[in-house]
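Working notes, beginning with the structure itself.
The values are calculated or read from the model by the stated rules, or taken from the named source; none is laboratory data. Since this is a predicted model, take the numbers as computed values, not measurements. Cβ coordinates were reconstructed from backbone atoms using ideal geometry, including for glycine residues, and neighbour counts include every protein chain displayed.
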Amino acid sequence: MSNLLTLSSTMLYTAFAFYSFATIMFGVTLTDKNKQKKIGISGMIAVSLTIIGLFAQLTYFVTRWIAAGHAPVSNMFEFMTSLGMGIVIAFIIIYFIYRLNILGLFALPVALILIAYASMFPTELSPLQPSLQSPWLYIHITTVALSQGILGISFVAGLIYLIKQIDQNKRNKGNMWLEIVLFSLIVCIGFISSTTTFNALDYQAEFEYPSGESILTAEYNLPAIAAPKDSVLITEGVQDALFEAPGWLQGSNAAKKFNTLLWSLIVGLILYGFLRLLLRKRIGAAIQPLLKNINADLVDEVTYRAVAIGFPLFTLGALIFASIWAQIAWDRFWGWDPKEVWALVTWFFYAAFLHLRLSRGWHGEKSSWLAVGGFAIIMFNLIVVNLVIAGLHSYA
Amino acid sequence: MNKIKCECGHVNPEGTVLCEACGKPIEENQHIDGNNQKRLLNMRYEGSSRRSLTYNKSIIDKIWRFFSSVKVGVWLIVIALVASTLGTIFPQAIYIPENAASRDPAIYYEDQFGIFGKVYYQLGLYDLYSSWWYMILIALIGISLVICSIDRFVPLRRALKMQKPKRHETFLNRQRLYSVSTNISHEDRHHLKKMLKKLRYRVRNEDGHILAEKGRFSRWGPYVNHIGLIIILIASIFRMSPFLYMEDYVWTREGEQKVIPGTSGEYYIENKEFIIEMYDEDDERFKDAIARMGGRAEKNFQSNVVVYKNTDVSVPGAEPKLEKVKEGQIELNHPLKFDGYALYQSGFQENEFSNMSFKLYETNDPDQKAIENFTVDLASPETEYKFDNGLRVVIDKYYPNYYLDEDYGEPRSESNDPWNPAFVFKVYSPDNESPEISFAGIGRNIDPTGENQYKLGITDFETHDVSGLSVRRDYTLPLFGLGALIFMVGVVQGMYWQHRRIWVHPKGEGILLAAHTNKNWFGIKKDIERMIAGTNLQMVVDQQTTKKNNEIKEDNDE
């Protein structure tokens, strides 16, 4: 059994490596002299690497399923890796419709960030709590992961469109917001690198803090910048916190999460500052010239097409299958749990996207911004709602 | 009604923008769709006559016009979106945790979240989704759905039915995809027709003019999915009726048989056993995760129950005649269903006290030897226990779930559940006229006067578990299912297919070629490339990208 699990995690690493190579090869395609429609040799290599990576990840998925006895979609680690896989699958589908190499250059890094982010959560096999013991677990979750993967491709295409089209000559609202979007991707990298570093160093510091009547302990794995309110450091030989987290942060382990956020932001800012110094211009402006051969209309079409494919699938997975399961497990198909509400919000958002595009002619830049916003809502639902707002879906 | 007769002879209804038959722009109505000479034609609704854009006199016209606007619809969606998020800032009232100091919303929110919580409570956001204004918002979306759909569907259907293969030249050269080819041979024309059929277009011919069309049904997708949504909204209105939807909850102790609430006394339940299973903490696969979760991971919550039907409900108060309907187990994800009802495992209480045994002994007996023993059934205690030697114990006060009210220094019971039973006993003996008072509970044995001759001590107790089952009967579920199904059919129909049309217009020796699709222009261009490959026909040019002044005006929808 443990062999199977070892194989499983090896396969995930393998997939990660192949996606990384594929990203580099998609980067190489930018130097191709050929016109866009031709995939080119480097494109062929890149997409082959992606497909090999996908097979590796599917092997991870299946072996982990066998090892655990249930579909590996039951906690944050497992879901986020599945979402990464969803993006890769969606990318491959869209790639074979539109043959756009540039999509890979942006889609695969997003998948990579998601998989790396996933591995920051506990990765050991966990037993299935009673409410999750149902075949609807994989029916519901895999459909959601795939649909969000497809919507992720619309985000990627929207981002490419914006980087290409937004005027970078002087500072304006458009390129500022674009920098914020790019910065938030860098913050994810900041999170991953700081967490990985201190995990490798086996850093640990414990704080005791009062909560109502009782005294709780918070275990920090990153050096404390912000300690829990009114807390006492009980681990010896580590640096005490610089200040205390505000008291209105109420959720479980809120101060620790706040501390992690601070670390991600700080490392993200350092990375961003370093990049800016290196490039001497906005990151968006630095990438823009690389995209000069890209057909913006085609990218815009992909943005929309991905939503057109993803929206029905999202409705099916995140609302209909979810409702059927909720009816069986919790005696009501809809209960206004935060996760459910945010799924509805996502659905409203993409419904508005489609109406604006089809009936009111929102194309190009406007529609790209909406695609970026939609994915931001999906990420919010996944990260903030799971980790900050307590509810029935807090599994991690 | 001022009908408009086009030069092709077709009579169009008032407000038509493009002739339904030949597509020629009707001069005086071009402003309606924002068309002008320089722009491409707005093909969104085929230039058909829409009520909302044609009539604007009566109040009904104005209301119709308001709700038929997609702009208004999108605004309603955006408002609903923002409103929905507000309800997730703090937990809704139904999700106030069981262990909260006070579950009263008036106290809980301020207590837990300070001033923000207080405002949240005062704005009524703690019960947002059943507030009147949220419901009105959803109802407005429903109205908008219906009116938008009717306003567009009827004329669109008519226009698509009336269209003729022979189109006016202006109609073609103001399409987004257009090309002019000269000197086209008979073979090329024939090849064109063959290819269109091969690409599975439905080809219609009129005097050499060709209309090739496919996927028209995808145009109905939006209207179909809107019907699905309307059915869902109607279902949720039906669900407010107690005849169609009933919810209740029953706590039942192991070994207890009681009526199931919400069934008008018709059904009874007997709880045979409640079971909690745990994962084995030494399980090779899961031991790390279980250790991280604190060494406890529940595997199963289960109630083994029997459901009975009372066959004699005619006489109220009469002894029920019970007939077994179903015996089974209720687990999470496995509700028990019978006669339209469903029972769900949704709560439990472990180790509730069933009974407690006491002994009576003399205060000054160092061995505390029992003089008498008696057992109190905690679900329905008797008031008096008489013994042969003339002693008599009376239960003066019973606190099933005892706590000491600090403010008043008085003992009280938090609830009627025997979770922490305590008693005030009066002991009557033949030697004494006035009774002795003693207080007994778990870990407590108090003699208030300090002069009692007799004492009471707990010798034994028995416990049982209690199952919390929610009771549901929901006749609206099939309707919700139908609505969801229709929505899915509609949205797939509209999103995964496109309505593509290609017009071939012979002009002298040459051919005018124009094409339109409601989406996926990339796809139709590929079709045309395949169709004209190996012929002298010119590839269509995307006039939207070539002529920048052709951008479709964005607010021409009003």
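Worth pointing out:
- A:LEU370 under 27 Å from B:SER68 (Cβ atoms), in a helix (DSSP H, G or I), of a type outside the set (D, E, K, R) and facing chain B (nearest Cβ under 10 Å): no
- Residue match in segment B:123-140 (condition: closer than 30 Å to B:VAL17 by Cα and within 25 Å of the chain's Cα centre (by Cα)): yes
- Number of positions in segment B:449-494 that are over 46 Å from the mean Cα position of the chain (by Cα) and of a type in the set (Ser, Thr, Tyr): 3
- Every residue from segment A:180-208 that is closer than 30 Å to B:ASP111 by Cα and surrounded by fewer than 18 Cβ atoms within 10 Å (Cβ to Cβ): A:GLU206, A:GLU208
- Residue within segment A:229-250 that is of a type in the set (Lys, Arg), surrounded by 13 or more Cβ atoms within 10 Å (Cβ to Cβ) and part of a loop (DSSP other than H, G, I, E, B) present: yes
- Of the numbered criteria (1) within 13 Å of chain A (Cβ to nearest Cβ); (2) part of a helix (DSSP H, G or I), the one B:ASP61 fails is (1).
- Residue match in segment B:370-380 (condition: under 30 Å from B:SER467 (Cα atoms), among the charged types (D, E, K, R), exposed (fewer than 14 other Cβ atoms within 10 Å of the Cβ) and touching a residue at least 24 places away in the same chain (Cβ under 8 Å)): no
- Among the residues of segment A:54-94, the ones that are within 14 Å of chain B (Cβ to nearest Cβ) and out of contact with any Asp or Glu (no Cβ under 8 Å at 6 or more places or on another chain) come to 14 in all.
- For segment A:269-282, a residue qualifies if it is in a helix (DSSP H, G or I) and either modelled with pLDDT under 90 or over 25 Å from the mean Cα position of the chain (by Cα) (or both), and the qualifying residues are A:LEU277, A:LEU278, A:LEU279.
- In segment B:78-113, residue surrounded by the fewest Cβ atoms within 10 Å (Cβ to Cβ) [restricted to those that are more than 9 Å from chain A (Cβ to nearest Cβ), part of a helix (DSSP H, G or I) and modelled with pLDDT under 90]: B:ALA106
- Meets criteria (under 20 Å from B:GLU273 (Cα atoms), away from every other protein chain (no Cβ under 14 Å), in a loop (DSSP other than H, G, I, E, B) and not basic (Lys, Arg)) for B:ALA370: no
- Only residues that are more than 9 Å from every other protein chain (Cβ to nearest Cβ) and not in a helix (DSSP H, G or I) were counted in segment B:283-301, giving 3.
- Yes/no for B:PHE66 being more than 9 Å from chain A (Cβ to nearest Cβ) and either under 28 Å from the mean Cα position of the chain (by Cα) or closer than 27 Å to B:ILE136 by Cβ (or both): yes
- Residue check for A:PHE61: within 20 Å of the chain's Cα centre (by Cα) and assigned to a helix (DSSP H, G or I): yes
- Boolean, A:PHE77 is of a type in the set (Phe, Trp, Tyr), assigned to a helix (DSSP H, G or I) and modelled with pLDDT under 95: yes
- Which numbered condition B:PHE116 misses (of (1) facing chain A (nearest Cβ under 9 Å); (2) assigned to a loop (DSSP other than H, G, I, E, B); (3) surrounded by fewer than 16 Cβ atoms within 10 Å (Cβ to Cβ); (4) of a type outside the set (S, T, N, Q)): (2)
- Of everything listed in (1) surrounded by fewer than 18 Cβ atoms within 10 Å (Cβ to Cβ); (2) within 14 Å of chain B (Cβ to nearest Cβ), the single unmet condition for A:ILE51 is (2).
- Test result for A:ILE309, in the same structural domain as A:LEU159 (by TED's automatic domain parsing) and either surrounded by 15 or more Cβ atoms within 10 Å (Cβ to Cβ) or over 30 Å from A:ILE139 (Cα atoms) (or both): yes
- Of all residues assigned to segment A:329-350, at least one qualifies as being in a helix (DSSP H, G or I), within 9 Å of chain B (Cβ to nearest Cβ) and touching a residue at least 60 places away in the same chain (Cβ under 8 Å).
- Flag for A:PRO122 being of a type outside the set (A, V, I, L, M), in contact (Cβ under 8 Å) with a residue 24 or more places away in the chain, within 14 Å of another protein chain (Cβ to nearest Cβ) and surrounded by fewer than 24 Cβ atoms within 10 Å (Cβ to Cβ): yes
- Qualifying residue in segment A:106-115 (condition: more than 14 Å from every other protein chain (Cβ to nearest Cβ), surrounded by fewer than 21 Cβ atoms within 10 Å (Cβ to Cβ) and over 20 Å from the mean Cα position of the chain (by Cα)): no
- Single match in B:LEU378, B:LEU360, B:LEU322, B:LEU343 (criterion: touching a strand residue (DSSP E or B) at 6+ places or on another chain (Cβ under 8 Å) and within 14 Å of chain A (Cβ to nearest Cβ)): B:LEU343
- Residue that is surrounded by the fewest Cβ atoms within 10 Å (Cβ to Cβ), among those in segment B:254-305 that are among the hydrophobic types (A, V, I, L, M, F, W, C) and modelled with pLDDT under 90: B:ALA291
- Only listed residue being farther than 17 Å from A:ILE383 by Cβ and part of a helix (DSSP H, G or I), chosen from A:SER264, A:SER184, A:SER193: A:SER193
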